[in-house]
Every structure is written in structure tokens, then in C-alpha cells.
1. Would region B:564-578 turn up any residue that is under 22 Å from B:D650 (Cβ atoms) and of a type in the set (K, R)?
2. Looking only at region B:88-118, how many residues end up being assigned to a loop (DSSP other than H, G, I, E, B) and touching a Leu at 6+ places or on another chain (Cβ under 9 Å)?
3. Testing A:I92 on (1) in contact with a helix residue (DSSP H, G or I) (Cβ under 7 Å, 6 or more places away or on another chain); (2) in contact (Cβ under 8 Å) with a residue 24 or more places away in the chain; (3) not in a helix (DSSP H, G or I), one condition comes back false. Which one is that?
4. Would you mention how many residues in region B:497-514 are in contact (Cβ under 8 Å) with a residue 12 or more places away in the chain and within 12 Å of another protein chain (Cβ to nearest Cβ)?
5. So, of the residues in region A:9-28 that are more than 9 Å from chain B (Cβ to nearest Cβ) and assigned to a loop (DSSP other than H, G, I, E, B), which turns out to be surrounded by the most Cβ atoms within 10 Å (Cβ to Cβ)?
6. Of everything in region B:302-347, what is touching a residue at least 60 places away in the same chain (Cβ under 8 Å) and either closer than 24 Å to B:Y266 by Cα or among the acidic types (D, E) (or both)? Give them in sequence order.
7. Across region A:92-131, which residue is modelled with the highest pLDDT among those that are among the charged types (D, E, K, R) and farther than 16 Å from B:M491 by Cα?
8. From B:I655, B:I582, B:I576, B:I649, grab the single residue that is away from every other protein chain (no Cβ under 11 Å) and over 19 Å from B:L547 (Cβ atoms).
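The values are calculated or read from the model by the stated rules, or taken from the named source; none is laboratory data. Because the structure is predicted, anything quoted here is derived from the model rather than measured. Here the Cβ positions follow ideal geometry from the backbone for every residue, glycine too, while neighbour counts run over all protein chains shown.
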Amino acid sequence: MNSITTILVIDDHPLVADGIKTMLKESEDLKILGVCKTAKESLSFLMEQTPDIILLDISLPDMDGLQLCEAIRKNNKESKIIGLTSTNEAGIITGLLHRGGNGYLLKNMEREDLIEAIATVIAGKIYLSKAANERVLEQFHRLGSTETNPVLTRREKEILKLLADGLNGPEIAEKLFLSPLTVETHRKNLLRKFNAHSVQLLLKTARDNNLL
Amino acid sequence: MIRVLRTSLFLILVLAINFGYGQNTSAAYLDSLLAIATRSKSDSNSVIALTHLQRYYFERGFYDSTLKYAKMALPITEMLKDKKRQARIQYNLGMTYTNLAKYDSAKKYLDATQTFWPIIHDTVLHVSSYNALAILSNYQSDYPQAIKYLLESAAIIDMSKTKAIQQIKPQVYSTISSNLIAEKQYEKGIEYSNKALRLRDYPSEPRYRVILHLDVFDAYLQMNEAGLAKAHLDSAILFNQPLNNMVISNLVSRNEGVYYNYIKDYSQALTSYLNSYQLSEALQYDNLKSQVAGNIASIYLILHNYEEARKYALEANTLAKRYKQFDVVSNSYASLKQIAIADNDYKAAVNYAELNKTYADSATNVATQKETLSLESKYQNQKKENEIAVLTITNTQHELSVVKRNRLLIGGGILSGAALLILGLLFKNSRQRQLLGEREQTIQKEQIKFLERQQQVVSLQSMINGQETERTRIAKDLHDGLGGLFSTVKMYFSSLQHDMPELKGQELFKKSYALVDSASVEIRRIAHSMMPEVLMRLGLVNALKDLCDNISAGKLIKVSLEVHGIQNRFNSNTEIMLYRIIQELLNNIMKHANATEVIIQFIKEEERLSVVVEDNGQGFNTQQFDESKSAGLETVKSRVSYLNGKLSIDSEKGIGTTIMMDFLINE
């Protein structure tokens, strides 16, 4: 890398900012432009300057870090935003990426991780730390395995079949030894799951999808 | 509405005889019966013939003839010393008098039936007569007494497992159902009706089916569930068609009228009521006719047909006065007042208005007396109610807890009721005071209920809120404070290692480095389990996705999540509570269920939120699960009730468990 990469650290924990500074002090091509402790502070900082990298903690005193990411992206498309947090929950990771983040790093990182993360996002790629990557893959795995049809519960399967046989709510209740109110709930749930407004439409959709 | 209910009860009465009576109705058959019955020599054959005749007329509501033949048969049985038939005829007389609203005579004959029991050992009759006494009490709005009799029936049914006895079960259930509906416990009432409908081989006589469906119809309508009510009304109509029984057709028509009136289809309502009116006339049911006439009058009033309205209102008025149906009288005056106003006859209107008020007062007064009586009996029968709860009120733990709560409420009611009774004795029968007393009593009851509910909710809320606030705080401290500290220490180590590569060879350094790393991982894990960040920041659905993914990642159990209709976030308390419920249930499943697949389902439609957690594990007995396993479920239940939700468990051994929860949520 020829030019200097500028960095803004947004974290309300003074020690963390210190730790980052310490890790980067040896790297001459990386320069910390500033440290902001609040969302407000960082937004006004970004009005003046455009760092190459923003290291963003999602837990801030005045605004949620995910919201801040979104707010930054409104006026700033250039800076690469890397989430830097203590949590590795998949929802938070993908949440940040959805809001314009470029990378995700856990705070208990190694120096090399930080360097690699910065290099990766500068190169225009998404960086996920190893742990974060695993979590996101799990989520993708689930998305991939999700069938297009809604998953039906046992009772719903039974009731769908009985509806197809032409039975009405009270008759089904009688047959399955359930209260009619329970059957009604299942029936409503089935309609909602198949986005159907009538039992006829429900049965048609179910047949089209080979569920009956 | 109350009048509709009464009518249904009325018909249950009519049907409460169940001694295998054939449907042979030809005129020749009647003639031959008459011939046998009126022979000069009286023997057991004439008793049989008279009994059949009596039943024939009873079924069709011709009570004068019923009484005539029953009373002809009674002395013959006495003469023949045929105790069994004597008892049955007395029972039938009791039923007939009940239907004629002659309660004293009815009670006399039914009690007489009971005295035969030690001699004749006719268990079916014994149970039936208790049931009849229950219906009689029910008809007089003395529900606790009714429950007492039902308890007796249930006890006998419980002891005797013969088929004949088991076949009476539905009758008892049906009466229990009527009692519950009369006490405004609609859902439980419906449940008992359904129980009766569901029993195998029952109802062998379709007449009962019609009545049961009408009972359920009535309950649903009072719950404003018009759709469900209609489904049961349709079933009743369907089963009624082949019966050709005027009494039941009358009842069906009346209920049809009520339904169409409810959905404001007045022309249909009129047709149905008029039908019922004609049937009442044919059956000479004047006390029913008065009520229907009142209904017809109010429909004509809505349709602005004042001439017809007046005609029916006057008829309702005359008949109802004869039968002391003060509420009907009062309503007829209300109709007449409206008609007078439409005629610009304000003098008459004022007059009718006053009469309306007077009779309304009488009606309330009767109700007050019944209420006082009912409270007294409730006090006496508290123990019995306790027993009936164990004996007949069924199975699920959930239901038992409801019963417990009700009993608490009743207990409170009894205390205030007892106080009022003493007050009542002091002030003797002043009607004004009684009315005042009733009002006070109602207020007191409401207060007790309100306070109890409030107390429960407040203590639960503060406990749970406190818990969750604390958890959030600790999680945040761990994450931001301690977590940040450890991360920083690790960053320093990392930098140190970069600056002094020789440290990599230092065993102690390597160990310290590794320990700091595991400490920060551990802190993250604890903080997460206390309060997931994703739940706070991105809401319930995302948090649930994470939760399911995390568990599925373990490969032992596959958790799928179905979410429909949730676009916005709920308030944070609700989200945390729902998340905890799911967390706890999943915990239970992983600990005890031995399941490989779980479905978690959140479906929201307008304000209704239905949550289902289903596993394919080993299932458990919902009535007797062991303490250690049910602790988790208890927590779930308290959280569900915190959200004012309802929870039901449906578990089958070897197939799995489905837990359904329903909530009303306003975002």
C-alpha cells in the first residue's frame, strides 16, 4: 500500500481505543484520525473529514451502532465501515452488513486480524472475522435449507387433510378431540401461512405444492 | 339472550327421558295402545300401554294428555306392587311438571322417585332422576343445587361401568354444560357439550345432538363468535331435519331467529320467529309463545310495521303476565312505548314507559332473590363443588388451576354474600334495600375480582420486570465493561507479541494470552445468555432466528422457525417475555423430550398472535409430569399469563408435544 490509510475509531470505551492505537502504532501506513465516544460526536466529525476506515462499536451511549451505520451511509459512501464489537451474534453481523457495513471484527482480535480486515475492505471486499464468518454461514445454511413451502405442524397437517375431506371446524374439533377454538386457531394459522383468504384457496395452494 | 338460554334448557328437560322408546307413531298404533290401556281389567300390559301413550304425548309436548295417562298408570302400578314402573312413572310426572313450570309438584315426584332407589336398584333411573333434579334446579336458576345433583349423578356413573349407565353420561355432561353456560362460563360449557357430542356411540338419539349443538350455538353467540355459532346452528338444523319433532323444530326456529336478529337480517329473523310462533301455538306452549311473540314484536318494530308490532306485543304482554314472565312483560311495554311514540301518542308512551320500569323492577327483584338463594347454596355446597371439580371437571393441569382460581373468586363472593345475607335479615324484605344490596354486592364482587387480578398482575410484572432489567444491566456491564477490558488486554498482548517476537517462545506468555482469550469468550457467552444483543437491537424475530440457528448448529436437533405477519417490533417487554418463553420451552425439549425436530411458529393476524412450539419427542402425560420437569413449564405459564395469554398443551406419548399459546398484542 502506497498511500496512508486513515482511520476513525468510534467507541465509548477509552481503553479499547487505546488498545487499537497500541496495535496500530507500528504500522506507518495506518493513521488514526480521531476517536469519537458518541454517535453525535462521530457524525459531526464525519461532516468535516472522510476517513478511509471507520471502526464502529455497536454499543454506544446515545445511539444504536447499527442505526449509526445507516446514518453514516446516508452522506458517506466512501469510508469503509468495520463493525468492532464484543458480540458475535449472526443477526447483528448481517444487520450491520445490511446497513452498509463492509466488515465485522470481534474485539478480542489479534493485531493481524485488524490489519487483514483493513486491507480486505480497502480492496473493496467484505471482511468477516473467522468466528463471525462461521455464524453467518450457519444462517446461510438455514436459509438454503428452508423449503419454499411453509413447514406445517402435526395438527396443521391433520386439519389440512380433514379440510380437504370437506369437514368444517366443529366437525374437525369433534374428530380430533380438540376444542373448536383450537381448531379455529389452527385454521386461521394455515390460511395465514399459505397467504390464502379462503379455505378453497388454501386447499388449492396446498394441492399445487403437493402437500395434499 | 337469557331468554334464549332458558328456552334451550327447557328443551333439554323435554328430552331428558331416555328409556328406549321406539319411534312408532302411526294412528293405528296409538289406537291399539288405547285399547289395551282402557280395558276393564288392569294388568301390567295396561301399564305398559299407558306408559307408551304418556311418552308419546310427552315427546310432542302435549302435557295434559301426558299427565292424564301417567296418572292413570300410577295407581295400577301401586296395585300391582310394580315398584320399578311406579318409580319410572313418577319420574316422568316429575319431568312433565318441570316442563309445565310447576316446580313444587315436579320436585315432589322426583323426590319420590329417589325413595325407590334402595328397593329397585334401577341405576339408570337413579342417575336420570338426579339429572332431572339438576335440570329442575337449573330451570329455577339455582345452579349450585344443580351442581350438587350433578355431582350425585357423576358419582354413580363413576361407580357403575355398565353400558346403560355410560350412555347417560352425555345427558349429565349436557346438563353440566347448561350450568356452565348459565354461569357465563361459555368456553367450559362448550367443552362439556362437545364432550357429550364426542362420546362414542352417542348421541344414539339425534334429538340430543340438536340440543347440544344449540347449546353450543347459544354460548358462542354470547361470546360474539357469530361464525362459530352459525356452524353449530347449521349442524342443529341438519340433524333436526329428519326428526320431524315439533318441539325441537320449534326450538331450532327460535334459535335461528335469534341468530338472524343478531346479524341484523331482520326479514329472515321474522320468518324464523313466526315459524316458532306457529309451532308454539300448535304445541300449546303458551309460556314459550309469549317470548316468541315478544321477539316478533321487536322485529316488526325495527321494520316499522307498527300495526303487527302492536298485535304481537299485546299478546306477549297478556301471556307473559299469566306466566309471571316479568322480563317479557317489561320488554313488551318497551315495544308498546316505541309504537306509541311512532303514533305521536305521548300520553300512552309515558304510561307504557312507567309500566316498563315497574315490571323491569319486578324482574330484577326476582333475579335478586334467586341470586341470594344461589349464594347461600354456594356456601353450603362449597365442599361438593370441590368434589365435582375432581370428579367431573376434567383433566388438564391448566383447567385445574382455573378451577382453583374460580373457587377463590367464589370464596370471595361467598364472604361478601354472607355479609349481605346478614344485612338482608336485619333489614327484612324491603325491596329498595334489596335492590341496593344487589348493586352493592355486584360492586363488591367486581372489586374482589379486580383487586385479585391486579395484585396478581402487579406482583408478577414487578418480579419479571425486575429480573429482566437486572439481566439487561448485567449483560451490558459484562459486554461493555469487563468484555472491553479483556479485549483491550488481549490487544496489548497482541501488540506486545508483534513488538517482541521472542515472546512467542515464552510458555507463560502463551498461557496468559490464551487465558485472556478464553476469558473474553466466556464473558461474551454469559452476557449473551443473559440478554442477547440481537433481541435488544434487532428485535424478537431476528433473535429467534439466531436462537434456532445456534441450536440447529449443534446437529442434534433441527429447529425450524415459521414467522408470518410480523412486520414491526413489539414493545421490548413483550419481546423479552416471548423470547424467554421460547428459550425455556426449547430448554425443556432439549433436556427431556429426546426430540430431533422442533417447529417454532409465530403467526400474527391483526391483534392476535398465535405461538406454537412443537417437537417430535417422547411426549408426556399432561396430568402427571414430575416436579423437576414441570418447573420450567411453570415459569413459562407465569410468563404467558404475564402477557395475558392462554396456553394449552397437547402431548402424545411417542409422537410429541405441541404447546399452543395465544396472545392479544397491540403494537
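1. no
2. Restricting attention to region B:88-118, the residues satisfying the condition of being assigned to a loop (DSSP other than H, G, I, E, B) are B:100-102, B:116.
So of that shortlist, the ones also touching a Leu at 6+ places or on another chain (Cβ under 9 Å) come out as B:100, B:116.
Qualifying residue count, region B:88-118: 2.
3. (3)
4. Residues of region B:497-514 that are in contact (Cβ under 8 Å) with a residue 12 or more places away in the chain, as a first pass: B:497, B:509, B:512-513.
With within 12 Å of another protein chain (Cβ to nearest Cβ) added as a condition, the list becomes B:497, B:513.
Selection size over region B:497-514: 2.
5. A:S27
6. Applying the first criterion (touching a residue at least 60 places away in the same chain (Cβ under 8 Å)) to region B:302-347 yields B:323, B:327-328.
Hits for region B:302-347 are B:D327, B:V328.
7. Restricting attention to region A:92-131, the residues satisfying the condition of being among the charged types (D, E, K, R) are A:99, A:107, A:110-113, A:116, A:125, A:130.
Pick out the ones that are also farther than 16 Å from B:M491 by Cα and you get A:99, A:125, A:130.
Working: A:R99: 89, A:K125: 85, A:K130: 84.
Here the residue is A:R99.
8. B:I649
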